[in-house]
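K.L.:
The following block contains the structure, expressed as structure tokens.
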Amino acid sequence: PAFQLYVAVLFKRNGDTIRKFQLLAQIFRNDPKMISKQTLEMLYPLSVYELVKIHEEKIDPYVVISLIRQESAFNVRAKSPAGAMGLMQLMPRTARMVGRVARKQLFDPKINVKVGVAFFAHLIKRFGGDVELALAAYNCGPERVERWIRRYPIENRMLFLDMLPIRETREYVASIARNYYWYLKLYQKDGLQERLTGGVPLPVPSGNIGLEKPKPAHLFHLF
């Protein structure tokens, strides 16, 4: 296990994040004694956090980091078989609609995050601040999610998500919720529960003592 952990560090240095994640998960399964704060921080890194933090007035940065980890594993050149591109795996059509951004610009991390955050913030607003529904819509489209809401009028969120017809979407939402929990657990221990439920205002910028930034309107029901 110690040698495997060393190999995971080499993957990290080489920028092979997906193989690093896969190997760390295998190490933890086979030898739970290898789990520590340091190794968990390797599994849940704060890559590109500074790019995301710029947009914290719109969305909690840890929500966006959790999504990026799942979508691209922080690979700025990631491209899916369906044609989604960059850190937040945006479709060119969506990027043109939201930010008038050309296809080749989606590999620019700053542009990708800016457009991706704008699109995700739109979905969160569309679904009344409900992050899980917005995540499902990000994965499979808002129209499908709206049909499922009408089809399954269930208040219990765990049961609703379990009934979603597309397995990929069910696992996608659950994985990002897991990511978000661990990011807060590792990096934001103060006010963990309040932040999980969208109850903590964001830090006040210097020069504005006594004024709170508008907090992102979002809510996780799974916690």
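K.L.:
Condition first: open to solvent by 10 Å² or more (accessible area, probe 1.4 Å) and either touching a residue at least 24 places away in the same chain (Cβ under 8 Å) or among the hydroxyl-bearing types (Ser, Thr, Tyr) (or both). Now tell me which residues in the range 74-86 satisfy that.
P.N.:
PHE74, ASN75, VAL76, ARG77, SER80 - these are the residues of the range 74-86 that are open to solvent by 10 Å² or more (accessible area, probe 1.4 Å) and either touching a residue at least 24 places away in the same chain (Cβ under 8 Å) or among the hydroxyl-bearing types (Ser, Thr, Tyr) (or both).
K.L.:
Shifting gears a bit: If you check ASP16 against the conditions, is it crowded, with 16+ Cβ neighbours inside 10 Å and more than 18 Å from ASN179 (Cα to Cα)? Give the derivation first.
P.N.:
On the way: crowded, with 16+ Cβ neighbours inside 10 Å: yes; more than 18 Å from ASN179 (Cα to Cα): yes.
Here the answer is yes, as ASP16 does meet what is asked.
K.L.:
Scan the range 1-25 and report the pairs whose first residue is among the aromatic types (Phe, Trp, Tyr) and whose second residue is surrounded by 14 or more Cβ atoms within 10 Å (Cβ to Cβ), with Cβ atoms within less than 6 Å and a gap of 6+ or a chain change.
P.N.:
Correct list of pairs: PHE11/ARG19; PHE11/LYS20.
K.L.:
If I ask for residues that are open to solvent by 60 Å² or more (accessible area, probe 1.4 Å) and modelled with pLDDT of 95 or more, which ones from the range 55-73 would you list?
P.N.:
So in the range 55-73, the residues open to solvent by 60 Å² or more (accessible area, probe 1.4 Å) come out as 57-58, 70.
Scanning the range 55-73 gives a single hit, GLN70.
K.L.:
Scan the range 131-138 and tell me whether some residue there is open to solvent by 40 Å² or more (accessible area, probe 1.4 Å) and modelled with pLDDT of 95 or more.
P.N.:
In the first step, residues of the range 131-138 are kept if they are open to solvent by 40 Å² or more (accessible area, probe 1.4 Å); the result is none.
No, that holds for no residue.
K.L.:
Being of a type outside the set (A, V, I, L, M, F, W, C), modelled with pLDDT of 90 or more and either open to solvent by 60 Å² or more (accessible area, probe 1.4 Å) or over 26 Å from ALA82 (Cα atoms) (or both) narrows it down to one of PRO165, PRO216, PRO205, so name that one. Please lay out each step first, then the result.
P.N.:
Numbers: PRO216 fails: modelled with pLDDT of 90 or more; PRO205 fails: modelled with pLDDT of 90 or more.
Checking each option against the conditions leaves just PRO165.
K.L.:
Give the range 93-123 a look and list any residue that's in contact (Cβ under 8 Å) with a residue 40 or more places away in the chain and open to solvent by 60 Å² or more (accessible area, probe 1.4 Å), or say none.
P.N.:
The first filter runs over the range 93-123 and keeps only residues in contact (Cβ under 8 Å) with a residue 40 or more places away in the chain, leaving 109-110, 113-114, 116-118, 120-121.
Across the range 93-123, the qualifying residues are LYS110, LYS114.
K.L.:
From the list ARG126, ARG150, ARG157, which one is among the charged types (D, E, K, R), surrounded by fewer than 21 Cβ atoms within 10 Å (Cβ to Cβ) and within 16 Å of GLU171 (Cα to Cα)?
P.N.:
On the way: ARG126 fails: within 16 Å of GLU171 (Cα to Cα); ARG150 fails: within 16 Å of GLU171 (Cα to Cα).
Going through ARG126, ARG150, ARG157 in turn, the sole match is ARG157.
K.L.:
Which of the residues spanning the range 25-54 are open to solvent by 70 Å² or more (accessible area, probe 1.4 Å) and more than 25 Å from ARG170 (Cβ to Cβ)?
P.N.:
Across the range 25-54, the qualifying residues are ASN30, PRO32, LYS33, ILE35, LYS37, GLN38, GLU50, LYS53, ILE54.
The values are calculated or read from the model by the stated rules, or taken from the named source; none is laboratory data. Since we're looking at a predicted model, the values are computed, not measured. For neighbour counting, all protein chains shown are included, and Cβ atoms are generated from backbone atoms with ideal geometry for every residue, glycine included. In case anyone asks, the SASA skips ligands and DNA or RNA and just uses the protein heavy atoms, side chains included. Shrake-Rupley method; radii C 1.70, N 1.55, O 1.52, S 1.80 Å.
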